[in-house]
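No lab work stands behind these numbers, since they all come straight from the coordinates. Not measured: the values here are computed from a predicted model. All Cβ positions, glycine included, derive from the backbone under ideal geometry; neighbour counts span all protein chains shown.
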Amino acid sequence: MKILGILGSPRPNGNTATLLRHVLEGAAAQGATTTTISANKLTVRACQSCNACKKTGQCVLKDDMQELYGKINEADAVIFASPNYMGGISGNLKPVIDRLYSYISVTETGELRTMIKSPKKVALLITQNAPEEYTHYIEAFTPLRGILHLIFQGNFDTLVELLVAPAMKGPQSVANNAQLLQKANTTGAELVQPK
Ligand SMILES: Cc1cc2nc3c(=O)[nH]c(=O)nc-3n(C[C@H](O)[C@H](O)[C@H](O)COP(=O)(O)O)c2cc1C
């Protein structure tokens, strides 16, 4: 099983990177092959809303997203990991997520369908300063979880798995939270298990 982690934090050793690493280690311990891509190192332009992808299934923009599409297509599971920036995902990850639009087709009756060739497991990891009690922060990711589920699994019925690391007070907060690291390991192991 191939698992692709896409890191949305610019900090290579920050909370999000550490959390993602532990999820991937949990998966690797179950036999998965894992790869991490840092969105901060990619040049991914914003979606131009040209809708060319609706005719061909392909994005016409020629940048690092093309290689990432290839890696996503090859993966059995994809993990998106982002710090919470201003109530949403980071600017590094946002163009990547927007460019997943090329996987969505719209039927004549306006229904959304995925064009992904093979369904994949998908998870969203979020680290944030806000404590767990700020539930509206977590709820803000509900629409994205539905969209990711549509793209990777084919429907809106279920939300993708979400792992939130709250109350991060510095870049090493995750590394000092054994309970959270254990949860990350378990999440990774579960991604490898058959549904
Ligand atoms: C530009 C920016 C915006 C942020 N906005 C929020 C926010 O809206 N809510 C929040 O809880 N934390 C916010 N934070 C804090 C980060 O989400 C938190 O520190 C996170 O753990 C950083 O992840 P990293 O260590 O992987 O970089 C923000 C941090 C930055 C730099």
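For segment 24-73, state the average projected area of the convex hull of the C-alpha atoms over all orientations, rounded to one decimal in nm². Before the final figure, lay out the partial values.
Values: hull surface 18.3 nm².
Projected over every direction and averaged, the Cα hull of segment 24-73 covers 4.6 nm².
What's the extension gain from residue 11 to residue 42 if we count 0.36 nm per residue and subtract their Cα-Cα distance?
The residue 11-residue 42 span can extend by a further 9.8 nm.
So who's got an amide H within less than 5 Å of the one on residue 5, skipping anything under 5 residues away but keeping other chains? H placed 1.01 Å off N, in plane.
For residue 5, the qualifying residues are 35, 36, 37, 79.
So which aspartates and glutamates can residue 121 reach, going by Cα to Cα under 18 Å and dropping same-chain residues fewer than 8 places off?
Within the straight-line cut-off, residue 121 pairs with 25, 74, 76, 157, 161, 190.
Output the 0 to 90 degree angle, nearest 10, between the alpha-carbon long axis of helix 178-192 and the longest principal axis computed from the alpha carbons of the chain.
Tilt of helix 178-192: around 30 degrees.
Size of the dipole of the chain about the Cα centre, Lys and Arg at +1 and Asp and Glu at -1 on the beta carbon, nothing else charged, in debye to 20? Before the final figure, lay out the partial values.
Details: 19 positive and 15 negative charges, 92 e Å.
About 440 debye.
So what's the gap between the Cα centers of segment 1-70 and segment 121-195, to the nearest angstrom?
Cα centroid of segment 1-70 versus Cα centroid of segment 121-195: 16 Å apart.
Given R₀ = 45 Å, what would the calculated FRET efficiency be for residue 98 paired with residue 179, taking r from the Cβ atoms and rounding to 0.05?
The calculated FRET efficiency here is 0.85.
Please get the size of the charge dipole for segment 59-172, origin at its Cα centre, with Cβ charges of +1 on Lys and Arg and -1 on Asp and Glu, quoted in debye to the nearest 20.
Here the size comes out at about 200 debye.
As I understand it, the value is the acute angle between the Cα axis of helix 65-74 and the longest principal axis of the Cα atoms of the chain; what does it come to in degrees, rounded to 10?
80 degrees
Once both labels are modelled 7 Å past Cα along the beta-carbon direction, what's the residue 106-residue 66 spacing in nm?
Those two pseudo-labels are separated by 2.7 nm.
Show me 182-195, 22-35, 134-147 ranked by packing, highest mean number of other Cβ atoms within 10 Å first.
Answer by packing, highest mean first, reads 22-35, 182-195, 134-147.
With a sphere of radius 11 Å drawn around the Cβ of residue 45, what net charge do the other residues whose Cβ falls strictly inside it have (Lys, Arg +1; Asp, Glu -1)?
Neighbourhood net charge equals -1.
Are there trypsin sites (Lys or Arg not before Pro) in segment 1-95 that DSSP marks as loop and that have at most 12 other Cβ atoms within 10 Å, and which are they?
Hits after loop and neighbour filter: 62.
Of 125, 95, 23, which is farthest along the charge dipole of the chain in the positive direction, counting Lys and Arg as +1 and Asp and Glu as -1 at C-beta?
In the chain, that residue is 95.
Mind pulling the angle between the C-alpha long axis of helix 142-153 and the longest principal axis of the chain? Nearest 10 degrees, somewhere in 0 to 90.
On a 0 to 90 degree scale, this one is about 60.
So which of 2/169; 41/117; 54/94; 120/183; 120/169 end up more than 25 Å apart, counting from Cα to Cα?
Violating the 25 Å limit, Cα to Cα: 2/169; 41/117; 120/169.
Which order do 173, 82 fall in if you start with the one that has the fewest other Cβ atoms within 10 Å? The partial results should precede the final answer.
Details: 173 19, 82 28.
By the 10 Å Cβ count, ascending: 173, 82.
Go ahead and estimate [θ] at 222 nm for the chain from helices alone: -39,500 (n - 2.57) per DSSP H run with n ≥ 4, summed, over the residue count, rounded to 500.
-9500 deg cm²/dmol
With a cap of 16 neighbouring Cβ atoms within 10 Å, and only residues DSSP puts in a loop, list the GluC sites (Glu not before Pro) found in segment 54-124.
Answer by residue number: 108, 111.
Can you compute the label reach from residue 33? Point 7 Å from Cα along the Cβ direction, backbone N cut-off under 12 Å, restricted to segment 65-84.
74-76
Please state the equivalent ellipsoid semi-axes for segment 2-192: what are the square roots of 5 times the Cα gyration tensor eigenvalues, largest first, in whole Å?
Ellipsoid half-lengths, sorted descending, are 27, 17, 16 Å.
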